[in-house]
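Below: the structure, in C-alpha cells.
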Amino acid sequence: MARLWMVLGALSGLVAVGMAAYASHGLPPELASLANTGASLQAWHALALLGCGLLAERRRGPLVHLAAGCFVLGSLGFAGGVYVRVLTETSLGPVTPLGGTLLLVGWGILAAAAALAPEK
C-alpha cells in the first residue's frame with residue numbers, strides 16, 4: 001500500500017505541473033488564476049502523498065493510510081472540481097468544497113498519526 005501512495009503522489013504531481021503549464025499558456029488570466037489554485041493545492045498534496053508512502057513503509061499504522069486516502073480523494077474532489085470548472089465552465093456543486101474538507105481532514109489525521117506513533 002505504501003508504494004501505491006507514492007505512485008499516486010507522483011502521478012498527481014505530474015497532473016499538477018501539466019495543469020499549471022496549460023494555465024500559463026492556454027487560458028485567459030481569470031481562468032488561469034483558478035487553475036493555478038487547483039494545481040498548487042494538488043502539488044502540495046502530491047508531496048503529502050509521497051510523505052505518507054514513506055511513513056507507511058516505516059509501518060506507522062493505519063492512520064497514515066487513512067490520511068493518504070483523504071489526500072487522494074480530496075485532491076480528486078478539489079483539484080478535479082476546479083479543473084472541470086476551468087475547462088468546461090461547469091460547476092460540480094459540493095464536490096469541490098467536499099474535496100477541500102477531505103484535504104483538511106487528511107492533515108488532521110496525519111498529525112494524529114505522527115503524535116500517536118511510538119518513539120523509536
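The values are calculated or read from the model by the stated rules, or taken from the named source; none is laboratory data. Note that the coordinates shown come from a computational prediction; the quantities given were computed from them, not determined experimentally. Virtual Cβ from ideal backbone geometry, glycine too; neighbours counted across all protein chains shown. We work out accessible area using only protein heavy atoms, side chains counted, and drop any ligands, DNA or RNA first. Shrake-Rupley method; radii C 1.70, N 1.55, O 1.52, S 1.80 Å.
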Only one of Ala21, Ala16, Ala39, Ala46 is without any contact (Cβ under 8 Å) to a residue 24 or more places away in the chain and open to solvent by less than 70 Å² (accessible area, probe 1.4 Å), namely Ala21
Which count do you get for residues in the stretch 57-72 that are open to solvent by 10 Å² or more (accessible area, probe 1.4 Å) and among the hydrophobic types (A, V, I, L, M, F, W, C)? 4
Could you tell me whether the stretch 54-62 includes any residue that is among the small types (Gly, Ala, Ser) and under 18 Å from the mean Cα position of the chain (by Cα)? yes
Which of the residues that make up the stretch 73-101 are open to solvent by less than 50 Å² (accessible area, probe 1.4 Å) and closer than 18 Å to Gly51 by Cα? Gly74, Ser75
Does any residue of the stretch 71-88 turn out to be more than 22 Å from Val105 (Cα to Cα), of a type outside the set (Val, Ile, Thr) and free of Cβ contacts under 8 Å to residues at least 24 places away in the same chain? yes
